[in-house]
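Accompanying notes for the structure given below.
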Amino acid sequence: MSMDAGDPRERREDLLSTLEVIEGQPLSDRAAAYAAVHDELARRLESGPRDAHA
């Protein structure tokens, strides 16, 4: 999964596409795939701009 595209709509479509692929996998493989999505999203959130007021 690569959600590094600039356009938010493209990132959303990439995420939805990735989730559809995961849902098509055998149940035994889904947990690892969802964990990879979680890790990627967490990495992106942590690398994003910080709110100076928080």
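Looking only at residues of the stretch 35-54 that are of a type in the set (Asp, Glu) and over 10 Å from the mean Cα position of the chain (by Cα), we find that the one that is surrounded by the fewest Cβ atoms within 10 Å (Cβ to Cβ) is Asp51.
Out of the residues in the stretch 6-34 meeting the condition of being among the hydrophobic types (A, V, I, L, M, F, W, C) and under 21 Å from Arg44 (Cβ atoms), tell me which one is nearest to the chain's Cα centre (by Cα). The selected residue is Leu15. Out of curiosity, is Leu19 part of a helix (DSSP H, G or I), modelled with pLDDT under 95 and not basic (Lys, Arg)? Considered against the rule, which asks whether it is part of a helix (DSSP H, G or I), modelled with pLDDT under 95 and not basic (Lys, Arg), Leu19 comes out as no.
The values are calculated or read from the model by the stated rules, or taken from the named source; none is laboratory data. Everything numeric here is computed off the predicted structure, so don't read it as measured data. No Cβ is skipped: glycine too gets one built from the backbone with ideal geometry, and neighbour counts run over all protein chains shown.
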